[in-house]
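Below you'll find the structure, written out as structure tokens, and then a few comments.
The values are calculated or read from the model by the stated rules, or taken from the named source; none is laboratory data. Every value quoted in this text rests on a predicted model; they were computed, and no experiment measured them. No Cβ is skipped: glycine too gets one built from the backbone with ideal geometry, and neighbour counts run over all protein chains shown. All accessible areas refer to the heavy atoms of the entire protein, side chains included, with ligands and DNA or RNA removed. Shrake-Rupley method; radii C 1.70, N 1.55, O 1.52, S 1.80 Å.
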Amino acid sequence: MDYPLHSPDFYVNDPAPAYRELRRRSPVHWTDANGGFWAITRYADIKWISSRPDLFSSARGVMMPNPDAPSGNRRPMLISTDPPRHGALRKLVSKGFTPRQINAMEPDIRDIVRGALDRAEAGVDLEFAEGVVAPVPTRIIANLLGAPYQDWEQFRTWSDAVVGAADPDITLTPGEALGALTQYFQHLIELREAGGTNDLISILLEAEVDGERLSQEEILAFLHLLLIAGNETTRNLISMGTLILINHPEQLRKLVHDPGLIPTAVEEMLRWITPATHMTRYATEDVPFRDKVIKKDQAVVMLYGAANRDEEVFGDDAEQFVVTRKPNPHLAFGIGEHACLGMSLARLEARVFFEELLARFPHIELAGEVSRMRSAMAPGVRRMHVRLSAATTKKAVHR
Ligand code: HEM
């Protein structure tokens, strides 16, 4: 039994049947591709690995091993740092991500979402993924950083190039995009050093924990990480989430009928889609694991999407999309000390997006083929033509 777990196509085509097989028959599964790695598919195993950074290190990067990936220009990032340094860094950058700061973003997020939805007209075919959804997370991060409005679209081009490198439509190399981003961020930092501003960069410049501050290099690395970690993932959550609602009209109707269900629906979308397919760790010593031994320096790829369909945790309906699912302890944001720092922001973006979308357009249908974005890390929707319609039922008209 082997599956092309290294291939973007594996993740774009439905991986659920392979995940099911792996969970059952080979939960700690060796694959020779890309220099070889272990694939982990059971919920409990991923949870345990994530709780042992002493045995499973993030320091060699969290992307699946890929001999073709460009090396060099890899600055140390929060996400690829181990304890104890990780804890100290995380405390510093968390100063810019307190619940109060995230909640305070809701009005701006609503404005950005409304602006994006203004492009849509009832009854008229519309390209939704690139045209409506894609600009939203980028604008929100740009707004968070205090970047001027006219630079927002440029962000998206760079971030696409860094993450979507496997997609043939993107011509800028990841190295070029990283270089351009660095220059741009340096410029923003210089502007902020003068003081008097209250955006995330200013907060990072002033953050101090136990007498320590972030270096400029660390701030740059963190800003890169935000763009890479917070854009495609959130975009894919929203585009794929819309597609899933189209494919599950009875679930869509539930949300239109009771928008109070949107937060639990967002959790179910996170579980179902798992926008970041995996994170990788490298063993720091030989670790006996189930009936295998993971050797020192071997890569361990945690397939969150497989854990998120684990019947042991999600029950008999684990393979069904249920917007009312509760509890829903999915691992879409990872778990343990590296658990997603931006999860409240991502949840807020998705909630506001679906609140606004469904209030305006309770009827959504496909109006053409869906073309997918090839990526082993963040597979998404490239283009998706939809037809949105305004309320027609009495209930929806009066909402
Ligand atoms: C649906 C959207 C998102 C998903 C599915 C997602 C997923 C993840 C996952 C799985 C991790 C764990 C990494 C690991 O264990 O190695 C992570 C970490 C991280 N995420 Fe997210 N993320 C999302 C949105 C965001 C947003 C919006 C931001 C910020 C703007 C963000 C910033 C980060 C950062 C900084 C880390 C590293 C945390 C650390 O290493 O301590 N993410 N994310």
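Some observations on this one:
- Counting the residues of the stretch 316-348 that are near the ligand (Cβ under 7 Å from one of its atoms) and hydrophobic (A, V, I, L, M, F, W, C) gives 8.
- Conditions (1) in a loop (DSSP other than H, G, I, E, B); (2) open to solvent by 40 Å² or more (accessible area, probe 1.4 Å); (3) not polar (S, T, N, Q); number of the one not met by PHE333: (2)
- Here ASP82 fits the description: acidic (Asp, Glu) and surrounded by 16 or more Cβ atoms within 10 Å (Cβ to Cβ).
- Flag: ILE140 does not match the condition of being farther than 20 Å from MET105 by Cα and within 13 Å of the ligand (Cβ to nearest atom).
- Among residues of the stretch 191-212 that are part of a helix (DSSP H, G or I), those with a beta-carbon under 7 Å from a residue that is acidic (Asp, Glu) at least six positions away or on a different chain give the pairs LEU205/GLU193.
- Every condition in (1) touching a Ser or Thr at 6+ places or on another chain (Cβ under 9 Å); (2) within 16 Å of the ligand (Cβ to nearest atom) is met by LEU172 except one, and the failing one is (2).
- Candidate set from the stretch 349-379 (those that are under 22 Å from GLY96 (Cα atoms) and more than 9 Å from the ligand (Cβ to nearest atom)); member that is least open to solvent (accessible area, probe 1.4 Å): VAL352
- Only one of the numbered conditions (1) away from the ligand (no atom under 13 Å from the Cβ); (2) touching a helix residue (DSSP H, G or I) at 6+ places or on another chain (Cβ under 8 Å); (3) under 19 Å from THR182 (Cβ atoms) is violated by LEU78, and that is (1).
- Residue in the stretch 296-312 that is more than 12 Å from PHE56 (Cα to Cα), away from the ligand (no atom under 11 Å from the Cβ) and open to solvent by 30 Å² or more (accessible area, probe 1.4 Å) present: yes
- Of all residues in the stretch 253-288, those that are open to solvent by 10 Å² or more (accessible area, probe 1.4 Å), over 22 Å from the mean Cα position of the chain (by Cα) and not β-branched (Val, Ile, Thr) total 9.
- Selection count, the stretch 259-289, where residues are more than 10 Å from the ligand (Cβ to nearest atom) and within 23 Å of GLY315 (Cβ to Cβ): 9
- Evaluating VAL28 against the criteria (1) more than 23 Å from ARG372 (Cα to Cα); (2) open to solvent by 20 Å² or more (accessible area, probe 1.4 Å); (3) more than 19 Å from the chain's Cα centre (by Cα); (4) not charged (D, E, K, R) leaves one unmet condition, (2).
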